[in-house]
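Before any comments, here is the structure.
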Amino acid sequence: MSLLSVQNLSVGIHGTPILRDVSFEVRPGMVFGVVGESGSGKSMTALALMGLLPDGAETSGQATLQGQTLLGLPERQICAIRGAEIGMIFQEPMTALNPVRTIGDQVAETLIVHGKANRSEALKIARQRLNRVGLPAERFPLDRYPHELSGGQRQRVMIALAIALRPQLLIADEPTTALDVTTQAQILTLLKSLVQEDGMALILITHDLAVVSDIADHIAVMEKGRIVEKGPLETVFRNRENPTTRKLFAASNHAPQRVVRAHTEPILEVRDAIRIYNPSRRRLFSKTQGLRAVNNVTFSLKRGENLGLVGESGCGKSTLTRAILGLEPLQGGEIRAFGTPVGPRMPKSQRAKIQVVFQDPYGSFNPRWKVVRLVAEPFHLLENAHLNRRERVAEALESVGLCADDMDKFIHEFSGGQRQRIAIARALILRPKLIVLDEAVSALDVSIRAQILDLLADLSKRFQLSYLFISHDLGVVRSITDRVLVMKAGEIVEEGPTEQLFSNPTHPYTRQLIAATPRLPDDLKPPHADSKGTA
């Protein structure tokens, strides 16, 4: 028996077709995966079902939930369905949650709005739902605010909010994209248990085939607003009848062509680095202890080497990165780059040799500036402003596969992958020797991610660049790095050559990270040759 039936759903916005004849069915207890590249229509399909399409949208076709029509309902009627019959988990919980309201109030709000409980009863039920998703009362009281929680904890609050009224259908839109591998595994396990225990159906929207292979029963592959292939997961994965499906598989297992060189000269040296937040200080009757976010960390990075740094959220990766960039001081130890000490007071000429690419290029760019100004921004680190800025910007853009004419556009005119290329161009503009890549591909779909990894490998070869590659995606780290550091609770617990560490991890924490990494079953992977060259 079908719970959700979608037949020939089409959506246009101001006359532009977005979805075209989308049809599928979801049964109770089913996990239905929807995969595809960015812009394929995955999220727009979910928004159409929830009645959350933007102004100017027009729909046709049919969508019914247990026989009840979902399309074209007045706002009052669709509001009665949202939360009660269909719950939705959004990709970015910090944006979806209200920052000035407590987590208890936000979970209870659904019950109060739908008239299912008064405030006192709603808070009791909210407590039960938070307990259910792994946020016990002793550690996570109802009066906590979203900013006091980690990314994985905020995602659990979103799940508690979505299941507050025990809906029949749960829609999860990229619920694990920004999470580290162990937290991602926990969230996926939680979602599976909710489906099994409560009998609800789950629509999981993701670009990660490995994630969907671990949880889904059926799958639909989308491209340009259409479903191009669908069916039982194993059947679709084995047959791959559509070119889009085959393309996604190839990109999921992609490793860039790289040349492994002998490295001898260290350009970055970290020795016994200690970074303490709120250092110990005496109060009237006690002495407070600071948090050691980085504790006696030692490693080196050699010229032309690609070094990976992995670990869970909160392990100290970002804190160590800020110290390497000279943005925060150390309380002990030393960091040297190119033989010179690194710190907040380091000279501009030293900063120019180390550049960074952030996770969210759109958030790291000023939307009011044109690309020429964005890419040329690092020129302020030079003693004399470069006179041929446009020429240098054109050269940087062309080196990352864009056109010189792109410099006169605004950042909102580009796709996510193009924005990341612009971020890399900005990092290249001063011709640095070391680039720090902080989760630089984690938010990209698999096809764009493959292109960016190929680009990084090519740039490393052409310009003799060294990379410090920080990521929670162990598959990406394995494909792009020569050596890996594993960080836990502020300390490096294991390090070694990439293939050796992944093939024969010695530390229990490393084994835990590798075990938690979602992967395509071996019998469903596309055949491929070893893509790492040697020199």
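When the chain is fully extended, how far beyond the present Cα-Cα distance does Gln77 get from Arg373, taking 0.36 nm per residue of separation? Provide the component values of the computation, followed by the final result.
Numbers: separation 296, 0.36 × 296 = 106.56 nm, distance 4.84 nm.
The span from Gln77 to Arg373 would gain 101.7 nm if fully extended.
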Exercise. So, with a 1.4 angstrom probe, what is the percent of accessible area on the chain that is carbon and sulfur?
Worked result: 48
For this session: List, in order, the whole-Hz ³J(HN,Hα) value for each residue of the range 24-30 obtained from phi through the Karplus relation with A = 6.51, B = -1.76, C = 1.60 and θ = phi - 60°; use x for Gly and Pro.
Result: 6, 10, 10, 9, x, x, 8
Exercise. Amide H to amide H under 5 Å from Val357: which residues, 5+ apart in sequence or cross-chain, H placed 1.01 Å off N in plane?
Worked result: Val436, Leu437, Asp438
Seminar exercise, completed: In whole angstrom, the spacing between the Cα centers of the range 154-225 and the range 36-107 equals 15
Exercise. Hey, which lysines would be in cross-link range of Lys370, C-alpha to C-alpha under 18 Å, not counting anything within fewer than 8 residues on its own chain?
Worked result: Lys409
For this session: Rank Pro167, Val297, Leu455 by how far each Cα sits towards the positive end of the charge dipole of the chain (+1 on Lys, Arg Cβ; -1 on Asp, Glu Cβ) and give me just the farthest.
Result: Val297
Exercise. Where the centroid of each part is defined by its Cα atoms, how far is the range 445-488 from the range 125-143 in Å?
Worked result: 38
Seminar exercise, completed: Taking r as the C-beta separation of Ser193 and Asn388 and R0 as 56 Å, the FRET efficiency to the nearest 0.05 is 0.40
Problem set entry | Relative compactness, the range 109-213, computed as alpha-carbon Rg over 2.2 N^0.38 Å | 1.09
Problem set entry | Whole-number D in µm² s⁻¹ for the range 382-514, Kirkwood Cα-pair radius fed into Stokes-Einstein, 25 °C, 0.890 mPa s | 148
Exercise. What list of ³J(HN,Hα) couplings, whole Hz, do you get for the range 401-413 from phi and the Karplus terms 6.51, -1.76, 1.60, once you set θ to phi - 60° and write x for glycine and proline?
Worked result: x, 9, 9, 4, 5, 5, 5, 9, 9, 9, 5, 6, 7
Problem set entry | Kirkwood-type radius of the range 47-164, with distances r between different C-alpha atoms, in Å | 15.3
For this session: Output the relative contact order of the range 183-246, whole-number percent, from Cα pairs under 8 angstrom with separation of 6+ residues.
Result: 19
Problem set entry | Rg(Cα)/(2.2 N^0.38 Å) for the chain, N = residue count | 1.03
Problem set entry | DSSP loop chymotrypsin sites (Phe, Trp or Tyr not before Pro) with at most 14 other Cβ within 10 Å excluded, longest remaining stretch of the chain | 1-284
Exercise. Accessible area per residue of the range 1-148 at 1.4 Å probe, in Å²?
Worked result: 49
For this session: Could you run the Karplus curve 6.51 cos²θ - 1.76 cosθ + 1.60 with θ = phi - 60° over the range 244-260 and give me ³J(HN,Hα) per residue in whole Hz, x for Gly and Pro?
Result: 5, 4, 5, 5, 5, 5, 4, 5, 5, 10, 6, 10, x, 6, 10, 10, 8
For this session: Would you kindly find the accessible area of Glu312, with a 1.4 Å probe and non-protein molecules such as ligands, DNA and RNA excluded, rounding to the nearest 10 Å²?
Result: 50
For this session: Pop a pseudo-label 7 angstrom from the Cα along the beta-carbon direction at both Val100 and Arg20 and give the gap in nm to one decimal.
Result: 4.5
Exercise. Amide H to amide H, which residues 5 or more places from Lys488 or on other chains are under 5 Å from it, using H placed in the peptide plane?
Worked result: Val493
Exercise. For the range 45-86, what is the per residue volume of the convex hull drawn over the alpha-carbon atoms, in cubic angstrom?
Worked result: 71
For this session: Work out, step by step, the length gained on full extension between Arg511 and Ala57: first 0.36 nm times the residue separation, then minus their alpha carbon distance; give nm to one decimal.
Result: 158.6 nm
Seminar exercise, completed: Contour minus Cα-Cα span, Phe338 to Leu381, at 0.36 nm per residue, comes to 13.8 nm
Seminar exercise, completed: For 51-59, 207-215, ranked highest to lowest by mean beta-carbon neighbours within 10 Å, the order is 207-215, 51-59
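Taking the Cα centre as origin and putting +1 on Lys and Arg beta-carbons and -1 on Asp and Glu beta-carbons, what dipole magnitude results for the chain, to the nearest 20 debye?
About 1560 debye.
With a cut-off of at most 12 other beta carbons within 10 Å, and DSSP calling the residue loop, which trypsin sites (Lys or Arg not before Pro) in the range 380-429 qualify? Please list them.
none
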Exercise. From Cα coordinates alone, what are the radius of gyration and Dmax values for the range 167-232 in angstrom?
Worked result: 12.3, 35
Exercise. Lys/Arg Cβ at +1, Asp/Glu Cβ at -1, dipole of the chain taken about the Cα centre: which of Ile227, Pro367, Tyr277 is farthest positive-ward?
Worked result: Tyr277
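The values are calculated or read from the model by the stated rules, or taken from the named source; none is laboratory data. Note that the coordinates shown come from a computational prediction; the quantities given were computed from them, not determined experimentally. With ideal geometry, Cβ positions are generated from the backbone for all residues, glycine too; neighbour counts draw on all protein chains shown. SASA here: full protein model, heavy atoms, side chains in, ligands and nucleic acids out. Shrake-Rupley method; radii C 1.70, N 1.55, O 1.52, S 1.80 Å.
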